[in-house]
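To start, the structure under review is shown below, and the notes come after it.
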Amino acid sequence: MAAPNKGRRPAAGGQSKPGRALALILIAMVALVGGMFISHTTTPRLGIDLAGGTSITLKAKAEPGQQSAINKKNMDTAVGIMNRRVNGLGVTEAEVQTQGSDNIIVNIPKGTNSEQARQQVGQTAKLYFRPVLTAQPTAAPAPSASPSSSGKGTPTPSGTPGASGKATPTASGKATPSAGKPSGTPQGRALTDALKASGSPTPNASKPSTPAPNPSASAGEAAAAQLQAKFAALDCSTRESRAKAGEGAKSSEPTVACDKDGAEKYILGPAEVDGTDVAKAQAVINQQNGQWIVQMDFTGGGSKKFAAITGKLSQQQYPNNRFAIALDNQVVSAPTVSSTLSGSAEISGSFNQTTAQDLANVLSYGALPLSFQEQSVTTVTAALGADQLHAGLIAGAIGLALVIIYLVAYYRGLAMIAILSLVVSAILTYAIMTLLGPGIGFALNLPAVCGAIVAIGITADSFIVYFERIRDEIREGRTLRPAVERAWPRARRTILVSDFVSFLAAAVLFIVTVGKVQGFAFTLGLTTLLDVVVVFLFTKPVMTLLARRKFFASGHPWSGLDPKRLGAKPPLRRTRRTTSAPVDNPKEA
């Protein structure tokens, strides 16, 4: 006789080994919570509306005939420029990101001068080509993720064989004039001569940083002395100090500046070429030596200006044969010039793909007529943010309490499984949101809190679907253990369809919306995915285990599975097959 269970499929949901699913979700919980403590991040990152601060929405606009300037590359470059400006104010944890195709959202946390921040991020980038009058490596270069030579290169005439492959000496390998020398020294006279040769006017002396120079000194020597004093006092060690270097200087005046990494500082002459004179810039690979270079094409007027300045610089000695590409008063590149250039040029050196593309983007962005219009500015005080968070938590607690009261009143013992599942879901949600803060910059704002509150109902709905399927099986007269397994396939389909619809709605909302509404959509989508994980790996296995306990299996009145209360039919019994009575004559049969 064949064994009774031979050929039968194992019970749906793995009834015999529910411990595996529980072990898996326990490992996930321990890993996530452990990651919080290892990373020393135990609270979610709060958004501007909860932590307080300023949120600025900017809309890109193009000049007539330049609508194509609003594209992803230029928007991403603008985000990088604004990020550098905000960071230059000493701001930490500021957020600058694109929203849609032509909006940029700047979120600046509390403790920042909001008016200054608005002026910084709302301005169009200022790009100038200035001759280098003096250059000196700093004593303690600031750490940088990119190579220190990334901005250095040799501009050469486009198409000159082998020119782009020449190595470029960095400023650190050359002797430079000493800062702070009196104007009567050789260094001071050299700077004076450079100012005279460039036709530089006396710098703005409305706020002199040193005592007035000797009255007998010439105007050029006085200008040189003042610049040298500023140069000597220039600090390039922090982003804030680099952003303030040369602050207030006009394009027609000489100024002091730092490079973007703080590794070198400069005295720069008046701007000879404007960023709008660059028609096009792109990063390409030199086919002769396989090195990355940046190619520049100038407009008609820009070609004449560039030819004039490179003609002068090519006759000078290092470092006066260099020109600086200064963006917002920070030098992003300072290559040397070996010959007169006109309509096009190449910048070569120790570039990689990233650094070459970064420089090309900076040059292209400065050449495009792309500006930003302030759409809205929202300022939230820390007290108001705390009140909003407090109110949101109270609303969430009230909603959770109502759900628990309903579950206990209607499902009794089954409510314990639902409450434990909600606790597991809450732990996973909190841990993931906390880790996503430093991971991808996720910030918990008020709409996100609303999304988490809505998720309580979605999660509870999944439990209710499963419990009702079990109770339906019991009403049909089945005992609890087979009822749990027979109810699962039908409940599983319903839960997956419901959660798929919720997740699809969250995904569409996240894609088509901008601003804080995305926080609601992200949280709703995340909690919907976690609902599937919790139901499959926790709720179902726990229900399988508890179905073996007498309290639930016997249908205790407080278990929520009492057959009498549910109006169950008599237990289903198997009926034996009956054979017909034997006949006397087989043939008659």
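Checked against a 20 Å cut-off, the cross-linked pairs 72/250; 280/304; 260/312; 61/126 give Cα-Cα distances beyond that limit for 72/250; 260/312. Please report the net charge: other residues with Cβ closer than 15 Å to the Cβ of residue 537, K and R +1, D and E -1. Net charge in that neighbourhood comes out at +2. Sparsely packed loop sites in the stretch 219-322 (the trypsin sites (Lys or Arg not before Pro) outside DSSP H, G, I, E and B with at most 15 other Cβ atoms within 10 Å) comprise 250. Compared with the alpha-carbon gap, the fully stretched path from residue 42 to residue 241 is longer by 68.4 nm at 0.36 nm per residue. Database remark: amide H of residue 279 closer than 5 angstrom to the amide H of 297, 298, 299 (H placed geometrically; neighbours at sequence offset of 5 or more, or on other chains; Pro and chain starts carry no H). The residues neighbouring residue 551, those whose beta-carbon lies less than 14 Å from its own, together hold a net charge of +4 under the Lys/Arg +1, Asp/Glu -1 convention. For the stretch 426-555, a crude dipole built from +1 on the beta carbon of Lys and Arg and -1 on the beta carbon of Asp and Glu, taken about the Cα centre, is about 560 debye to the nearest 20. Applying the Karplus relation 6.51 cos²θ - 1.76 cosθ + 1.60 with θ = phi - 60° to the stretch 439-455 yields 3J(HN,Hα) values of x, 10, x, 5, 10, 7, 9, 4, x, 5, 4, 4, x, 5, 5, 4, 5 Hz, where x marks Gly and Pro. Taking Lys and Arg as +1 and Asp and Glu as -1, the other residues whose beta-carbon sits under 13 Å from that of residue 421 total -1.
With a simple spin-label model that places each label point 7 Å from the Cα along the Cα-to-Cβ direction, the separation between residue 308 and residue 398 comes to 7.1 nm.
Computed from the coordinates by the stated procedures, all read-outs in this text should not be read as laboratory data. As the structure is a prediction and not an experimental result, all values here were calculated from the model. Reconstructed Cβ throughout: ideal geometry from the backbone, glycine too, with neighbour counts over all protein chains shown.
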